[in-house]
Protein chains: 4
Amino acid sequence: MWKLPRHEDDEAAEEEGIGRILALSDGVFAIAITLLILEIAVPATTSAADLPKALLGLWPSYLAYVLSFLVIARFWVTHRLAFRLIARDDAALMWLNLLLLMFVAFLPFPTAVLGQHAGSPAAAVLYATSVVLASVASAAYWWYASGRGGLLRPDVARAQVRAMRARSLSGPVFFALTLPIAVFAPYAAEIVWVLVFPLTRMVFSWFFAQEHEQPG
Amino acid sequence: MWKLPRHEDDEAAEEEGIGRILALSDGVFAIAITLLILEIAVPATTSAADLPKALLGLWPSYLAYVLSFLVIARFWVTHRLAFRLIARDDAALMWLNLLLLMFVAFLPFPTAVLGQHAGSPAAAVLYATSVVLASVASAAYWWYASGRGGLLRPDVARAQVRAMRARSLSGPVFFALTLPIAVFAPYAAEIVWVLVFPLTRMVFSWFFAQEHEQPG
Amino acid sequence: MWKLPRHEDDEAAEEEGIGRILALSDGVFAIAITLLILEIAVPATTSAADLPKALLGLWPSYLAYVLSFLVIARFWVTHRLAFRLIARDDAALMWLNLLLLMFVAFLPFPTAVLGQHAGSPAAAVLYATSVVLASVASAAYWWYASGRGGLLRPDVARAQVRAMRARSLSGPVFFALTLPIAVFAPYAAEIVWVLVFPLTRMVFSWFFAQEHEQPG
Amino acid sequence: MWKLPRHEDDEAAEEEGIGRILALSDGVFAIAITLLILEIAVPATTSAADLPKALLGLWPSYLAYVLSFLVIARFWVTHRLAFRLIARDDAALMWLNLLLLMFVAFLPFPTAVLGQHAGSPAAAVLYATSVVLASVASAAYWWYASGRGGLLRPDVARAQVRAMRARSLSGPVFFALTLPIAVFAPYAAEIVWVLVFPLTRMVFSWFFAQEHEQPG
């Protein structure tokens, strides 16, 4: 059976830290977030009279742009919070992080499909599935780093680890729950997605508050 | 009512500073500024004889490219000046900054529309509106950081804060004022926009000089 | 005969280190990895009924996306390991690194060809050749830095240098060996490529273990 | 008359250095160098039999890709050398640098035209003109920083300044000289361009050697 040969990576990692992992990650986040706009095609109409209508007709693309910008920004915010608590890296963390980046870099495609096929169940299902995959990868690196990997800074409180775990699960769970909505009511699913962010925030705050018996 | 749960972000922010916010921002600025060129399509003519005319006929796209490059560069210059004075970040600053990045990353689209539909009021109005939105987001993070947020370095003078506030308002105000021009005389609006930069510079210098009674 | 005039670059290099080489490299890796998605075109069908079939029909593009993401990620992982051991740069290292970046930045094109012409020997040969060229460049900078260039940190063990050399050769050798498969059985070649990663990993570990008489 | 109000920028610059200017510049260089590949379109033929011929027929695009990669890499190498000697920035240096970035970010467009219209004088003239403009901007920031701006580190030798000035002029002068060749023999111009790099290198080394009476 194949297992990750971690030795040579880990040794070097302990010496120099995680600077280049963050540099590559910030690069991919910044590019994925900025490439979204390339998926909105300029209307090919030539008459100035038809242009306003054509531009307004692109509203599903604008909505998909805003939605995916927020989704990717959210992954970046979580990434920044998590890597503040991570002291070291190893090969497993590096590849789990690359898995997250692979799914994040994929998101412009389902975003474009959603923008051009608004109201299509297939587009909504593709979108929700893609976000679930990215969310699972986002949860995976945190669970590994805070669990078996043992890569956190020594001063990180158990309560904070558990709060971040709840937060990391809130994303995949909520998007997975919207999959049936995406099949039967694609427009409703989009509206629900825009609401996911404050909801997961609240779940996180509530969980964190329970641990501490003080507001998080 | 929903409010920003700031605790967990703020705590970490004070420890590690704003390096990754700047990394993501510089990435988005650099990409948005470089993606502009992708919106200029190579003329599909096949005969070498027609190519010169086709290339020259793209002048509205070249003009839109230069205009948007300067607009985005301007946002970056302001961002750099502002974040030199900002000592700490919190969740609100981070999301206001992401709002700015969302509007900056959107600009290649109105730029492409402007290049392909020069002289169309709809294209000019879309462009002016997009820049106004980005300018408002640019003003918002500075007003928050220098006001309620209280995130500035302790040694920043009140006069400098007020000067930067005037500067931050000059952008949205000037572009908003050009909206009626964009409706009735789209070409005139483009010419005015190219002149906005020295104008807003002068407003800023004048305001700063008044505070100090010395040239800014 | 033309030779590399290295003096003026080397002098400066020893003073300031290799920070900007890494910044440019991480940028190119991040962009190449993220641009891959732009090569997957949104199906132009308009009916919602045909969309699921059209999306599923893109599976060769999805496979090519995952494959190239892993290939480029692998080059980055090797780059990170190698530059941890490199203490100084000179003009030759800088240009060999730029050569690697040139081939890495080229990879989105053969990836797109492979995705749109799955099962075509020409597409598979183009892909394998491109990866071999990038792998050779990746090996070249390491052999130069660890050999004639003498740019490594003084504390790097000979065994580690030799292990990294074996690792650097495993990539080009494996992809070159798949060239005949690509000609006669393009689909088989793709399956083999996905298996190359653990294989080269194992070769590296085996070689490293031989040197040390302990697991690598 | 309008002049650059430099005060507020300069003051801050002296405090914090030029880190973000380099971050934005490296970002634009990395993106421009990587976007080049997007300009090579995948052949639209559907039959596997025609694909090899179609791929080989793209050779002018491959040549243009390599040429522009080297041109942009060259600007980056010069940029890195120059900014190692620059200690401070001011508003003029920042805007001259942004001017360079504007012309560098423009280069993917003439590259695409050259790749798709090989042998067309218009394409060759557009390409040469674009590189001349970028080269002039590249020379401009160095002449300003090393001259009127007075932004160099105090320990930089006059001979080194003069050598870098000769180097900075070699680019625009050589590409300007090829403009007539581009008009009458576009293919010859491309061949000459590939040779420009070692030539300008030699001019630089020769000039530097003269100053020092020792090989550069």
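Residue by residue, here is whether (1) under 26 Å from A:Leu107 (Cβ atoms); (2) touching a Ser or Thr at 6+ places or on another chain (Cβ under 9 Å); (3) at pLDDT 65 or above holds:
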site	(1), (2), (3)
A:Glu16	no, no, no
A:Gly19	yes, no, yes
A:Leu36	yes, yes, yes
A:Val42	yes, no, yes
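On the basis of being in contact (Cβ under 8 Å) with a residue 24 or more places away in the chain, under 30 Å from B:Ala41 (Cβ atoms) and more than 10 Å from chain A (Cβ to nearest Cβ), does B:Leu133 make the cut?
Numbers: in contact (Cβ under 8 Å) with a residue 24 or more places away in the chain: yes; under 30 Å from B:Ala41 (Cβ atoms): yes; more than 10 Å from chain A (Cβ to nearest Cβ): yes.
Against the criterion (in contact (Cβ under 8 Å) with a residue 24 or more places away in the chain, under 30 Å from B:Ala41 (Cβ atoms) and more than 10 Å from chain A (Cβ to nearest Cβ)), B:Leu133 qualifies.
Can you pull out every residue in the stretch C:34-45 that is more than 8 Å from chain A (Cβ to nearest Cβ) and of a type in the set (Ser, Thr, Tyr)?
Passing the criteria: only C:Thr45.
Among residues belonging to the stretch C:182-193 that are farther than 17 Å from C:Gly115 by Cβ and in contact (Cβ under 8 Å) with a residue 12 or more places away in the chain, point out the one that is farthest from the chain's Cα centre (by Cα).
C:Phe184
So which residues in the stretch A:46-101 are charged (D, E, K, R) and either more than 12 Å from chain B (Cβ to nearest Cβ) or within 22 Å of the chain's Cα centre (by Cα) (or both), if there are any at all?
A:Arg74, A:Arg80, A:Arg84, A:Arg88, A:Asp89, A:Asp90
Take the conditions more than 17 Å from B:Leu67 (Cα to Cα), in contact with a Phe, Trp or Tyr (Cβ under 8 Å, 6 or more places away or on another chain) and modelled with pLDDT under 90 and apply them to B:Ala157. Does it pass?
No; evaluated as a whole, the condition is false for this residue.
Here are the criteria: (1) at pLDDT 90 or above; (2) closer than 28 Å to D:Leu56 by Cα. Tell me which single one C:Pro172 does not satisfy.
(1)
Among the numbered conditions (1) part of a loop (DSSP other than H, G, I, E, B); (2) surrounded by 23 or more Cβ atoms within 10 Å (Cβ to Cβ); (3) of a type in the set (D, E, K, R), tell me where B:Arg167 comes up short.
For B:Arg167, the exception is condition (1).
Based on what the data block shows, is B:Trp143 out of contact with any Gly (no Cβ under 6 Å at 6 or more places or on another chain), surrounded by fewer than 24 Cβ atoms within 10 Å (Cβ to Cβ), within 30 Å of A:Val77 (Cα to Cα) and within 8 Å of another protein chain (Cβ to nearest Cβ)?
Considered against the rule, which asks whether it is out of contact with any Gly (no Cβ under 6 Å at 6 or more places or on another chain), surrounded by fewer than 24 Cβ atoms within 10 Å (Cβ to Cβ), within 30 Å of A:Val77 (Cα to Cα) and within 8 Å of another protein chain (Cβ to nearest Cβ), B:Trp143 comes out as no.
The values are calculated or read from the model by the stated rules, or taken from the named source; none is laboratory data. Please read all numbers here as calculations on a predicted model, not as lab measurements. Every residue, glycine as well, gets a Cβ built from its backbone with ideal geometry; the counts of neighbours run over all protein chains shown.
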